[in-house]
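Reading through the structure tokens given below for one structure.
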Amino acid sequence: MAPVLTVENLKAHFFIRSGVVKAVDGVSFDIAPGEVLGLVGESGSGKTVLGASILGLVDPPGRIVEGSVRLVGEELVGRPEEVLRHYRGRRVATVFQDPMMTLNPVLRIDTQMIEAITAHEKVGGDVARARARDALAAVGIASPDERLRAYPHQFSGGMRQRVAIAMALLHRPQLLIADEPTTALDVTIQSQILALVQALCAESGTALIWITHDLAVVAGLADRVAVMYAGRIVESGPVDAVFARPLHPYTRGLIDSIPSRHRRGDALAQIPGMPPSPARLPDGCAFAPRCPRADAACTVAPLVSGYGAARSTRCWHPHVEVETAA
Amino acid sequence: MSAPIIAVDNVSRTFVQPLDVAARLANLFGAGMREAVVTAVDHVDFSVRRGEVVGLVGESGCGKSTLGRIVAGLLPPSAGEVRFHGRPIRELADKPARDGMLKVQMIFQDPAAALNPRMQVKDIVGEAPVVHGIVSRAGIAAHVDALLARVGLDPGYKTRYPHQFSGGQRARIGIARALAVEPEFLVCDESVAALDVSIQAQVLNLFMQLRRDLGLTYLFISHDLGVIEHLSDRVVVMYLGRVIEMASTADLFRQPNHPYAQALLANVPRLATAKRRFEPVKGEIPSPLAPPPGCHFHPRCPFVMPRCRVETPALKEIAPGRRSACHLNDEPGRS
């Protein structure tokens, strides 16, 4: 199947007084219709900027300096704002961590949802209202007719996120980018939102990019996973294979540092040091200073190398012995 | 079994939002407006033995942070008593008791908010032990160096300010400050929640190392069940101000008794390799301002019975060392 989205060698850099911050630095991936891609990384790894770059939402002092983003074959990088506006919300939608970033606090839910519909389609007010109502019902909001007339502050955090998801899916987009949408929510509410997004995307065939720092959420949700470190994807592949037999030492370190992987009370495996500042990345492999396998070769930035049909990593010394033995 | 280091004895805490002028005026004309009362902690009873790590879990608004503050002596309970080595901590007037309370320290969630941004690290860590006469002014530099080294920070950084450190390092400064007065008992309120996975592992390892080296006892508050399962010997589960289950970590994670504990554990995302369908518990967490009558969990409970809507279940012993507050345990045919 032809991919919905193809990202090639995308670079989004921020030009600040003290230098250039390479937030996204040569990222390539694609995603098929209906596929769920988990994009995993720690703070400052560039995962949010990558999501924003796909939508053309990188603001000065940042800009996309190189690369291409194609939605079903159509190039989005370098297109004028009016054209991008036509895509956003209709063909590519987004859900953010904080639903109050999506919702206008001084407008009622119906005003916002109807506006979102009529911005892209010529339909009458009654039709738009009915669609907004159905969308709220679809995300499991009880008595949607009354709730349409409520303001965002009258909803709980989980309910607000449901409204944000309902708005994102109004136009049955081909791609939904969800940036940490459950991070601020409680465990039982997070589970509800995961179930909802999983069901809605499967139903409408929407491809989903789920950006998170939480490996466990991705393990239950995604088909494929891409792990970001210092602006680059260091490993990608099917989620089961990557979590069972990580190739990149960073992926392995992340998985090993999760408490539930250990016997109770045992010392957790830890990655020494801390993530580099994106403004001062080391030459060569950015993970080398923290990597147990680093040697002289790592002073040169590793290229992406493929393993098997679906996996790839950016490392001179991947844990390939595990992969071939398995 | 050793004597409890901390005993929480039937503790409750309510917060009252007093009426504003307009509401008081309206009441003069018979509007009948009432003050909003939140019962954040509702008759909680538990103890922590020396050397033990007790995990306190629950979702937003369940009162776990309020309980942590009461245990740390930062907040007086509205009813009930907290005892440290058998002595009620509300007797703070005399100096020996106050010195005793130094033995209970708290580590907060957001190290950026808990550290004074205008103080150097050496003063943040070194102020309390000098004030309380634990270390002489002459000996403070060596004391601070030793503390920073113990939590894995370079003592050479001690003249820096909090903003010059990363999140993980700030967490370590918060720990060093708590250790500076030589506590026996630490209340850790979501102390690793703000950290990235790789940094979180470093700080959790530090907590375990300190427990071994210094013989510390912890009350570890977290919403992250993976962290709780890893660190704790026993777990206390709270829902809307009440303790609903209390058990050893192994028992709770193998077979939770209370339906809420079951739902909570089933909903924890795990790194299990199989993709799964999420089967969430229905409903929202009710507002603590108007909790449901009877068992607080009944509107969301899959096993709800008529009795649950009216009668609050007591926290009863269901097995040795294990307590649960659920009417189902009284039903025949269920052990």
Net charge around A:Gly253, counting only other residues with Cβ within less than 13 Å of its Cβ (Lys, Arg = +1; Asp, Glu = -1)? 0
Cα centre as origin, Lys/Arg/Asp/Glu Cβ charges: region B:179-335 dipole, Debye: 720 debye
Explain nothing, just the number: relative contact order of region A:192-326, from Cα pairs under 8 Å at least 6 residues apart, as a whole percent. 22 percent
Which of these, B:Ala72, B:Ala146, B:Ala178, has the largest mean-square fluctuation under a Gaussian network model of chain B (Cα springs below 10 Å)? B:Ala146
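What FRET efficiency, computed as 1/(1 + (r/R0)^6) with R0 = 41 Å and r the Cβ-Cβ distance, is obtained for B:Tyr161 and B:Arg83, rounded to the nearest 0.05? Don't jump to the answer; show the numbers that get you there.
Values: r = 39 Å, r/R0 = 0.95.
It comes out at approximately 0.60.
Add -39500 (n - 2.57) for each DSSP H run of 4 or more in chain B, then divide by its residues: what number comes out at 222 nm, to the nearest 500 deg cm²/dmol? Can you show the working numbers first?
Numbers: 12 runs with 106 residues, N = 335.
Calculated mean residue ellipticity at 222 nm is -9000 deg cm²/dmol.
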Of A:Gly62, A:Met101, A:Leu37, which is farthest along the charge dipole of region A:1-109 in the positive direction, counting Lys and Arg as +1 and Asp and Glu as -1 at C-beta? A:Met101
Rounded to the nearest 20 Debye, what is the dipole magnitude of chain B about its Cα centre when Lys and Arg each give +1 and Asp and Glu each give -1 at the C-beta? 280 debye
Run through all the Cα pairs of chain A and give the fraction in each 20 Å bin from 0, expressed as whole percent. 30, 56, 14, 0
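Can you put B:Glu184, A:Glu115, B:Glu245 in order, fewest other beta carbons within 10 Å first?
Listing B:Glu184, A:Glu115, B:Glu245 from fewest to most nearby Cβ atoms yields A:Glu115, B:Glu184, B:Glu245.
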Taking alpha-carbon centroids only, region B:106-145 lies from region B:1-25 a number of Å equal to 30 Å
Computed helical MRE - 222 nm, chain A, DSSP H runs ≥ 4 contributing -39500 (n - 2.57), nearest 500: -9000 deg cm²/dmol
B:Met106 long-range amide H proximity, modeled H, under 5 Å: B:Val187
Out of A:Ile141, A:Gln154, A:Val127 - ranked by how far each Cα lies towards the positive end of the dipole of region A:102-170, with unit charges on the beta-carbon of charged residues - the top one is A:Gln154
For chain A, averaging the sequence separation of alpha carbon pairs under 8 Å that lie six or more residues apart and dividing by its residue count, the contact order in percent is 20 percent
In the protein assembly as shown, with Lys and Arg counted as +1 and Asp and Glu as -1 at Cβ, which of these residues, A:Gly308, B:Leu328, A:Tyr87, has the Cα nearest the positive end of the dipole, that is, farthest along it? B:Leu328
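For a Förster distance of 60 Å, can you work out the FRET efficiency between the beta-carbons of A:Arg293 and B:Glu127, rounded to the nearest 0.05? It would help to have the intermediate numbers written out before the result.
Details: r = 44 Å, r/R0 = 0.73.
Plugging the Cβ-Cβ distance into 1/(1 + (r/R0)^6) gives 0.85.
About the Cα centre of the protein assembly as shown, how large is the charge dipole given +1 on each Lys and Arg Cβ and -1 on each Asp and Glu Cβ? Please answer in debye to the nearest 20.
Numbers: 72 positive and 66 negative charges, 91 e Å.
Taking the Cα centre of the protein assembly as shown as origin, the dipole is about 440 debye.
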Going by how many other Cβ atoms sit within 10 Å of their own, how do B:Leu67, A:Leu107, A:Leu71, B:Leu204 line up, fewest first? A:Leu107, A:Leu71, B:Leu204, B:Leu67
Cross-link reach list, lysines versus B:Lys316, counting only Cα pairs under 23 Å and skipping chain neighbours closer than eight places: B:Lys64
Label points 7 Å out from Cα along the Cβ direction at A:Glu203 and B:Arg137: separation in nm? 7.2 nm
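Find the relative contact order for region A:102-170 and round it to a whole percent, using C-alpha pairs within less than 8 Å whose residues are 6+ positions apart.
Numbers: 66 pairs, mean separation 30.4, N = 69.
The normalised contact order for region A:102-170 reaches 44 percent.
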A:Ala2-B:Asn10 pseudo-label distance in nm [points 7 Å out on the Cα-to-Cβ vector]: 7.4 nm
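Most exposed first by the Cβ proxy, i.e. fewest other Cβ within 10 Å, how do A:Arg232, A:Arg63, B:Arg69 rank? Intermediate results must be reported in sequence, preceding the final value.
Working: A:Arg232 24, A:Arg63 13, B:Arg69 21.
Least to most surrounded, the residues fall as A:Arg63, B:Arg69, A:Arg232.
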With a point put 7 Å past each Cα toward its Cβ, work out how far B:Ala112 is from B:Val21 in nm, to one decimal. 3.7 nm
DSSP beta bridges in the protein assembly as shown, what fraction antiparallel, as a percent rounded to 5? 60 percent
Set of lysines with alpha-carbon distance to B:Lys122 below 18 Å, sequence-local pairs under 8 removed: B:Lys158
Per-pair calculated FRET efficiency, R0 = 56 Å: B:Phe29 and B:Leu214 via Cβ, rounded to 0.05: 0.35
By the C-alpha gyration tensor axes a ≥ b ≥ c (rounded if a/c is under 1.5, else prolate when a/b exceeds b/c, else oblate), the shape of chain B is prolate
When chain B is modelled as a GNM with alpha-carbon springs shorter than 10 Å, which of B:Val54, B:Val104, B:Val131 fluctuates the most? B:Val131
How big is the protein assembly as shown by Rg and Dmax over its Cα atoms, in Å? 26.7, 83
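Each reported figure results from applying straightforward, stated rules to the coordinates on display, with no laboratory input. None of the values given here were measured: they were computed from a predicted structure. Note: ideal-geometry Cβ built from the backbone for every residue, glycine included; neighbour counts use all protein chains shown.
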